[in-house]
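Below: one structure, written as structure tokens.
The values are calculated or read from the model by the stated rules, or taken from the named source; none is laboratory data. Source: prediction; values computed, not measured. Glycine also receives a Cβ, built like all others from the backbone with ideal geometry; neighbour counts cover every protein chain displayed.
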Amino acid sequence: MESKNRVPHIILLYWVIKIASTTLGETGADMFSMTFNLGYGATILIFMSLFLVFLAVKLFIPGYNPFAYWLTFTASAIAGTAVSDFIDRTLGLGYAWGSLVLVAALIAVLAVWYRKDKSIDVDFIASPSSEIFYWAAFLIANTLGTAAGDFLADNLGLGFVKSAAVLSGLLLLIVLLHFSTRISGTFLFWIAFVLTRPFGATFGDVLTKPAAKGGLNLGTVGSSLFFCFVLILAVAQETKLENRRKRL
């Protein structure tokens, strides 16, 4: 029996949903930890628990289910943002050291995954055991992206808008490298995956932060609801495409 792929196809729609989800991760984590005053610890506990529950359901379902996948991903994005803020602010490591620790953790997970499967390709994941490595790497990469985005905006003094411009330029460069060179697509994917996280986070900050800090002051609740709506529409479109693939 042919093994079923458990993860989505990496097409333009994937990146649209991913950026919407990571932006929601930023605004959602800030909404729970600061607007609702739950703090980083409680926010981490809530969304790490949701991530593990959604992941357990996702692992139980055969093949790829878009809603199960993106629920798991969004929970990891919100949990990752809260974990990053906890590492950087509560533990006092700062954005630079926090980013270095997370880079080391991501490389370690990818190395162990490669040693087991001889691949870290994200286009086709057939077994639940491989998918666990996949999600562990995603959780760390989401956390790393938050820390890296804050490092650009705060430590380097670029602010939210300039950081978004820098990240946009880097992502455009990756797209050009993908289509014009023979650089490993898997390598470029992981670079783009990490960079789209601070891109989404920075965009979220632009929407939520006060004007004095370079933001639009739209608030975490309204911004989170908006990106929930965008995410639902995009995942519904992804579900249609997936159903169409299954009929072919």
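Structure summary
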{"quantity": "Residue under evaluation L45, criteria (1) loosely packed, with under 15 Cβ neighbours inside 10 Å; (2) more than 19 Å from the chain's Cα centre (by Cα), criterion not met", "calculated": "(2)"}
{"quantity": "From the options L55, L38, residue that is without any contact (Cβ under 8 Å) to a residue 24 or more places away in the chain, more than 15 Å from F227 (Cα to Cα) and out of contact with any strand residue (DSSP E or B) (no Cβ under 9 Å at 6 or more places or on another chain)", "calculated": "L38"}
{"quantity": "Tally, over the range 176-213, of residues that are without any contact (Cβ under 8 Å) to a residue 12 or more places away in the chain and part of a helix (DSSP H, G or I)", "calculated": "9"}
{"quantity": "Test result for Y64, over 23 Å from D205 (Cα atoms), touching a Pro at 6+ places or on another chain (Cβ under 9 Å) and either at pLDDT 90 or above or in a helix (DSSP H, G or I) (or both)", "calculated": "yes"}
{"quantity": "Any hit, the range 113-131, residues being of a type in the set (D, E) and not in a helix (DSSP H, G or I)", "calculated": "yes"}
{"quantity": "Output for the range 93-120, where each listed residue is surrounded by fewer than 17 Cβ atoms within 10 Å (Cβ to Cβ) and more than 22 Å from L156 (Cβ to Cβ)", "calculated": "I107, A108, A111, V112, Y114, R115, K116, D117, K118, S119"}
{"quantity": "Any hit, the range 233-247, residues being farther than 18 Å from F73 by Cβ, part of a helix (DSSP H, G or I) and at pLDDT below 85", "calculated": "yes"}
{"quantity": "Cβ pairs under 6 Å, 6+ apart, first in the range 152-164 and touching a residue at least 12 places away in the same chain (Cβ under 8 Å), second of a type in the set (D, E)", "calculated": "F160/D205"}
{"quantity": "The lone exception for K18 - which of (1) surrounded by 22 or more Cβ atoms within 10 Å (Cβ to Cβ); (2) of a type in the set (K, R); (3) over 16 Å from the mean Cα position of the chain (by Cα) it fails", "calculated": "(3)"}
